[in-house]
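Please read the structure below before turning to the comments.
The values are calculated or read from the model by the stated rules, or taken from the named source; none is laboratory data. Being a predicted model, the structure only gives us computed values, none of them experimental. For neighbour counting, all protein chains shown are included, and Cβ atoms are generated from backbone atoms with ideal geometry for every residue, glycine included.
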């Protein structure tokens, strides 16, 4: 809690103490005016107004308490001895999803519909001991921490104060931290175990050819660990906002050409046909050319790794206009006929029919294949780049999670597909997470379409300069 919240909370407790003290003074004054005073040593319980039992007596809340309760960033609920709500602030109304206007004088179970909360209050009222629990109501989708404190004005518990704090974000961060530690441990365990075995093999003085092969394998495992550490560091820098994008007007075709030069040796070793098609008059994009090159290399590396020998990869770019009313539909990029036979018919990207302005393709429905943009994609003019392959594809159940950190569709298949003979590493599961952060840093979006055994298509957008 911040210093301000601590001060407000202490003021709240002081206000509650003042309220209890004021109530006791008023009770004593009322008893002093009664004609039938009890004998000395006899304590007569004060009667409640309007004939109500003592545990249902209304509580007089001071204006200071109400001001403090409305200022703190936690939910506050006051219940009487019968577990009926006497007061709740707006934060509690929002956290518990109840209407403050109709909540007062209603039972906790009726309002909250959660037996854990009702049991918590009942136990505190029964023995006067402070308690706290953490609940995760399925309907509300939040994680709430509840602390219940008894109210004891006359030595007897007459009510309870319930303090509610939303700890959803804290739980998410804690879960992310645990997942990160577990994933890093898992990713390091495999290469380190392999290195230990290889070192023991070399120490046993095997034949020279075996020693040479073992040393090559050791170098590959060390490269894997190095890649993991470097990508972890880079991802942490990006997520913390310490990476500044150097945005300028750039030609996407020039960036694609550079990426092709670096990926072509790996593709040639697997006899994969790699082609590109970018309109000559495509406008400049607002981008960091170094980071966009990194995005393309990540996507191209995955395409080469998961495309079998003799397959094909196509990179295409065009400009699309995303309308505010229909931001989810956009024409797909134009397709060059060079590798038409290498792609499945349902994945063909047909040429544009006409151009409204240089580089912007407008094609009527029925004359082309239409891709679906993410529903959250902002409107405007965007350069869309697609990387399509004829590889093994991604199962539909895994597709929504491929941009998560450390997520791998099939760890054994992933590792086997990245042997040193293929010219790459087995992968750390961080490349697509880094890609997503970099694309969104440009204001664009990245997404994928795929069917298992029928290839994949990855798309990302950059704003037109």
Next item on the list: Evaluate the range 241-258: report whether one residue or more is within 24 Å of residue 406 (Cα to Cα), in the same structural domain as residue 439 (by TED's automatic domain parsing), assigned to a helix (DSSP H, G or I) and more than 31 Å from the chain's Cα centre (by Cα).
Entry: no
Margin query: Given the condition over 26 Å from residue 71 (Cα atoms) and modelled with pLDDT under 85, answer yes or no: does some residue in the range 121-136 qualify?
Written below: no
Margin query: Looking at the range 427-465 only, could you name the residues that are more than 26 Å from residue 244 (Cβ to Cβ) and touching a strand residue (DSSP E or B) at 6+ places or on another chain (Cβ under 6 Å)?
Written below: 448, 449, 450, 455, 456, 457
Next item on the list: Keeping to the range 93-116, report how many residues are in contact (Cβ under 8 Å) with a residue 40 or more places away in the chain and in contact with a helix residue (DSSP H, G or I) (Cβ under 8 Å, 6 or more places away or on another chain).
Entry: 1
Item checked: Subset of the range 440-465 (residues that are under 24 Å from the mean Cα position of the chain (by Cα), within 15 Å of residue 250 (Cα to Cα) and assigned to a loop (DSSP other than H, G, I, E, B)) -> 442
Notebook entry, point to check: Quick one: how many residues across the range 80-103 are in a helix (DSSP H, G or I) and in contact with a strand residue (DSSP E or B) (Cβ under 9 Å, 6 or more places away or on another chain)?
Noted result: 9
Next item on the list: Please work out if residue 80 is under 16 Å from residue 149 (Cα atoms) and either at pLDDT 75 or above or in contact with a helix residue (DSSP H, G or I) (Cβ under 6 Å, 6 or more places away or on another chain) (or both).
Entry: yes
Check: Is there a residue in the range 114-130 that is assigned to a strand (DSSP E or B), assigned by TED's automatic domain parsing to the domain that holds residue 87 and in contact with a strand residue (DSSP E or B) (Cβ under 9 Å, 6 or more places away or on another chain)?
Finding: no
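Residue-wise test of (1) under 30 Å from the mean Cα position of the chain (by Cα); (2) in a loop (DSSP other than H, G, I, E, B); (3) at pLDDT 70 or above; (4) under 17 Å from residue 275 (Cβ atoms).
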residue	(1), (2), (3), (4)
300	yes, no, yes, yes
314	no, no, yes, yes
325	yes, yes, no, no
383	yes, no, yes, no
394	yes, yes, yes, no
Notebook entry, point to check: Which of the residues that make up the range 119-141 are in contact with a helix residue (DSSP H, G or I) (Cβ under 7 Å, 6 or more places away or on another chain) and surrounded by 19 or more Cβ atoms within 10 Å (Cβ to Cβ)?
Noted result: 121
